[in-house]
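To start, the structure under review is shown below, and the notes come after it.
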Amino acid sequence: MARFDNITTEIPPEGAGEAYGSTNIILTAENDGAKVGRFAKFSNGKLVPMESADDTPAGVVLRDLTLPVDTDPDDAPLVDYLVKGLATVEADPVEGLPEIGARLYVTADGRVSDASGDEGGD
Amino acid sequence: MATHLVVNKSGDDGAYTTIAAAIAATTSGGVGDWSTITIDDDGMYDELIDFGALDYIKIIAADNCIIALTYALSPVTMGSTAPANIQFDVANGAKPVLAPAASQAEDLPLFAWGDTHAVDLLVNGWKFRPTAGTGWFIAEGKAPGSVLKLDSCEASDGPWTTDKILKLDKAVSLTVLDCNMENVETAEVFAQIGPETIVDIQRSGIEADTLLAIEGPTAGTGGELSVINNIFVLRDVDKVFLDLSDGVNATGGLIAHNIFACLDGPSTLVTAIKTPYNNVDVNNNIFMGLGTVGTIDGAVTVTANNNCVYDCNAGFVGNWAEAGTVTMDPKLGDDGDLEPDSPCIDAGVDIPTVTVDILGRPRPSPEGGKWDIGPWEFQHDDPDPDPDPDPDPDPDPEPEPEPGNEMINATFVREVAENVWLILVK
């Protein structure tokens, strides 16, 4: 007989868009559709989703804890974004996890990847 | 105007040293502008949390704090003089605990509100761990229109009440997502609800004699029922675990991708499902070691597609429209996942609305494949079940993003969930 006890003991981990630690640099900006948990860029003074791998990322958009639970977090008028420090970010699906400390890259849609996209890797 | 206060036992930077002091100093927030009280340390707080007439208040645990009061009262009360919207949330990956240590004479709820003023309560990421007393249960609020949502919560230790874990007689909705309630096994009933309560229970583990008990003098119009991707541990008792006969869920629902298992079994007593409705479908579930899988109350025909019935005394009894039933051993691994030779793999009926399994992994696997039976979706190694040597110009509706931006200086730290990484931005 298979065991079921405490199969869900571990509370699922936090989703993307959470900052960890107390030494982060977190700024606030007007939001224009930037997605929580992904890198975003600036356009006309507002955070918008990345559109290309060539865009300059501004930072990781963080979850707003003060939003009502029924509000789409992507629709928040003001959002915090992390420019330096520890945060959780959506990742491009990979077959194996990168090593700790491995260099990461931002994909065209604001997620992170361990691949640079160059032939033969970086 | 909303306030944003911080609680820290050190009192550094003007922080309040008690939660009660912060509550006394805060004001009600508003829609889209909640007041917050952030508990910013891992201290132990022995105090009652009474929100009084406050509305739109959110308690945020930013560290692993413990609320371990020794009062023989409900630790958290709200909605005493007016309707209230209250949330308990977490930040920074904190795992806070509500752990009353009082020796009360009667059963007490951890969260309490009255019969008059509706409360909308969300609890996200908190652990419930009573350590003393004759019996605790999680929440009691009988005000019409109340809403309770438990997300990523865990009930551990005890003693838990032997009666009911949730008493929500006239609630408009009950939502339980990603919760571990496997340690409340002393409870007879998991949730007491009203005839019109909308119920949504997904990706959770619950052990009880009865999942839902309906409280009401007359049957209501019925709330919608969604019971999907759960682990239900049943005991060998002469009861119906999920009985819809008392007027609930007349508007329909779905009971899918769950496992109903009696681990003491095989049982000859317990019945998993009893329903009088033909609009509550029972699909892609695993039933193991039970007395009876399903019975029907009345002259209706109920759909039961592609379930696995194994080691049960009786299957679907009565006028079920049963199809695709698997009667072989589902072959569950020690962690519950389907073994590679499980007959439940790709044996479910297609349910496009169910897109993840109990662990949040995508359904079906591989994409475009068939749904598995049970809470776990077997993850095929090959993402493409039919590799086509013929180059297909069929454009991908969502083009694969192109990795490549090297303008950030970020490194990998660890994976915190599937396709969610903790990274260090330098």
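With θ set to phi - 60° and the Karplus curve 6.51 cos²θ - 1.76 cosθ + 1.60, what are the ³J(HN,Hα) couplings of segment B:365-372 in order, to the nearest whole Hz, using x for Gly and Pro?
Listing the rounded values in order: 10, x, 4, x, x, 9, 6, 7 Hz.
Provide the packing ranking of B:50-57, B:288-295, B:12-19, B:29-36, i.e. peptides ordered by the mean count of other C-beta atoms within 10 Å per residue, highest first.
Final packing ranking: B:288-295, B:50-57, B:29-36, B:12-19.
I'm a student and want to see the number: the projected area of the Cα convex hull of segment B:32-151, averaged over all directions, in nm².
Dividing the Cα hull surface by four gives the mean projection, 6.9 nm².
Once amide H atoms are placed 1.01 Å from N in the peptide plane, what residues at a sequence separation of 5 or more from B:Ala68, or on another chain, have their amide H within under 5 Å of its amide H?
Excluding prolines and chain starts, which carry no amide H, the hits are B:Tyr45, B:Asp46, B:Glu47, B:Ala99.
Can you give me the long-range amide H partners of B:Gly348? Hydrogens built in the peptide plane at 1.01 Å from N, cutoff under 5 Å, separation of 5 or more residues or another chain.
B:Trp371, B:Asp372, B:Ile373
Among the lysines, which have Cα under 17 Å from the Cα of B:Lys142 when same-chain residues fewer than 8 positions away are ignored?
Filter leaves B:Lys164, B:Lys167, B:Lys170.
Need one number: convex hull volume per residue for the protein assembly as shown, Cα atoms only, in Å³.
With only Cα atoms used, the protein assembly as shown gives 164 Å³ per residue.
Computed FRET efficiency, Cβ-Cβ of B:Asp238 and B:Lys426, R0 45 Å: what is it to the nearest 0.05?
Efficiency for this residue pair is about 0.10.
Of all the Cα-Cα pairs you can form in segment B:117-175, what percent are over 17 Å apart?
43 percent
Antiparallel versus total DSSP beta bridges in chain B: what percent is that, nearest 5?
Expressed as a percentage, antiparallel bridges in chain B total about 10.
Give me the Å³ per residue figure for the convex hull around the C-alpha atoms of chain B.
Hull volume normalised by residue count: 182 Å³.
Take the residue pairs B:Lys95/B:Lys274; B:Lys239/B:Lys370; B:Lys274/B:Lys331; A:Lys84/B:Lys149; B:Lys58/B:Lys239; A:Lys46/B:Lys9 and return only those whose Cα atoms are more than 28 Å apart.
Checking Cα-Cα distances, B:Lys95/B:Lys274; B:Lys239/B:Lys370; A:Lys84/B:Lys149; B:Lys58/B:Lys239; A:Lys46/B:Lys9 exceed 28 Å.
Readers should treat all values here as calculations from the given coordinates under stated rules, not as data from a laboratory. These numbers were taken from a predicted model, which means no experiment stands behind them. With ideal geometry, Cβ positions are generated from the backbone for all residues, glycine too; neighbour counts draw on all protein chains shown.
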